[in-house]
Amino acid sequence: MDVKIEESWKRQLQGEFGKPYFLQLTERIRQEYSAGACYPPGRLIFNAFNLCPFDRVKVVIIGQDPYHEPGQAHGLSFSVQPGVPFPPSLQNIFKEIEQDLGTPVPQDGDLTRWARQGVLLLNATLTVRAHIANSHATLGWQYFTDAAIQALARHRQHLVYMLWGGFARSKAYMVDRQKNLVLESVHPSPLSANRGGWFGQHQFSRCNDYLTQNGIEPIAW
């Protein structure tokens, strides 16, 4: 089947598109979008891949599923569209970047600028029904997004994996720590971050130090 996804990712994930789980997944997603509001808009489901080609990935940040209220999600984990108030987790991400690097909190929460620099902002589940968090978590997206992580693990090295919270950290087994940097912490949501383990970890400077040491242009966070 013809999946509208960036060409380098299409080559890496070609083997997934004909598998029974993916055929069932795409049919279920069509039904869900036909039945009522779902996010992100259909054209943006693969936005993380389209903005960050396979060979340009430097950093992988894994989220769970898209924001589920109108106008927020646009296919990048933790990111919201311009003009949308910062969700609490994104506020804490920006606060930590400011403390770590001295970078002022930006005017909007659109992380497209990160994606274009090589940050793969990957949600494990790529779609969600309006107003219901994790509503598409059992449709099969995790097989597809795990395949993407495994493709990076097989063919790329000197990447930085930023795994925040128990769900993201459960993906660490796929990554060779001898060839990549894995930064793990609690989730930046207020419930987790305020208990400790998010602020003061210097993940963003550590990420850039690792990239620089390996001759890779750092991220302008």
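Send over a whole-number figure in Å² for the accessible area per residue of segment 1-84, probe 1.4 Å. Please report the intermediate quantities before stating the final value.
Numbers: 3910 Å² over 84 residues.
I get 47 Å² per residue for this part.
Give me the number: length gained by fully extending Leu23 to Ala172, i.e. 0.36 nm times residue separation minus the C-alpha to C-alpha distance, one decimal in nm.
Difference between extended and current length: 50.9 nm.
Annotation for Arg206 and His158: the two label points, set 7 Å from Cα along the Cα-Cβ direction, are 2.0 nm apart. Using only Cα positions of segment 8-65, each an equal point scatterer, no hydration layer, compute I(q)/I(0) via Debye at q = 0.13, 0.16, 0.31 Å⁻¹ and quote the log10 values to two decimals. Treating every Cα as an identical point scatterer, log10 I(q)/I(0) equals -0.44, -0.67, -1.22.
Take the Cα of Gln14, step 7 Å toward its Cβ, do the same at Glu184, and the gap between the two points is 3.6 nm. Averaging 1/r across all pairs of distinct Cα atoms in segment 1-153 and inverting the result yields a Kirkwood radius of 16.0 Å. A Förster radius of 30 Å combined with the Cβ-Cβ distance from Arg56 to Ala133 puts the calculated FRET efficiency at roughly 0.50. For Lys58, nonlocal amide neighbours, meaning residues 5 or more places apart or on other chains whose placed amide H falls under 5 Å from its own, are Val119, Leu120. For segment 102-115, the Karplus equation 6.51 cos²θ - 1.76 cosθ + 1.60, evaluated at θ = phi - 60°, returns couplings of x, 7, x, 4, x, 6, 9, x, 7, 8, 3, 4, 5, 4 Hz by residue, with Gly and Pro reported as x. Couplings for segment 130-143, taken from phi via the Karplus curve 6.51 cos²θ - 1.76 cosθ + 1.60 with θ = phi - 60°, read 3, 6, 10, 4, 6, 5, 10, 5, 9, 7, x, 4, 4, 5 Hz in order; Gly and Pro are left as x. Please state the Cα pair-distance histogram of segment 115-181 with 10 angstrom bins from zero: what percent is in each bin? Pairs per bin, as whole percents: 18, 50, 26, 6, 0. Amide hydrogen proximity for His158: with H placed 1.01 Å from N in the peptide plane, the residues at 5 or more positions away or on another chain lying under 5 Å are Asn180. A 1.4 Å probe, protein heavy atoms only, puts the accessible area of Lys179 near 100 Å².
By the rule of a C-alpha distance below 21 Å, with chain neighbours fewer than 8 residues away ignored, the lysines paired with Lys58 are Lys10, Lys171, Lys179.
The DSSP beta bridges internal to the chain are antiparallel in roughly 15% of cases. Computed 3J(HN,Hα) for segment 164-178, one whole-Hz value per residue from the Karplus formula 6.51 cos²θ - 1.76 cosθ + 1.60 where θ = phi - 60°, is 10, x, x, 5, 5, 5, 5, 8, 4, 4, 7, 10, 7, 6, 6, glycine and proline marked x.
The values are calculated or read from the model by the stated rules, or taken from the named source; none is laboratory data. As the structure is a prediction and not an experimental result, all values here were calculated from the model. We place every Cβ from the backbone using ideal geometry, glycine too, and count neighbours over all the protein chains shown. Calculation scope for accessible area: heavy atoms of the full protein, side chains included, ligands and nucleic acids excluded. Shrake-Rupley method; radii C 1.70, N 1.55, O 1.52, S 1.80 Å.
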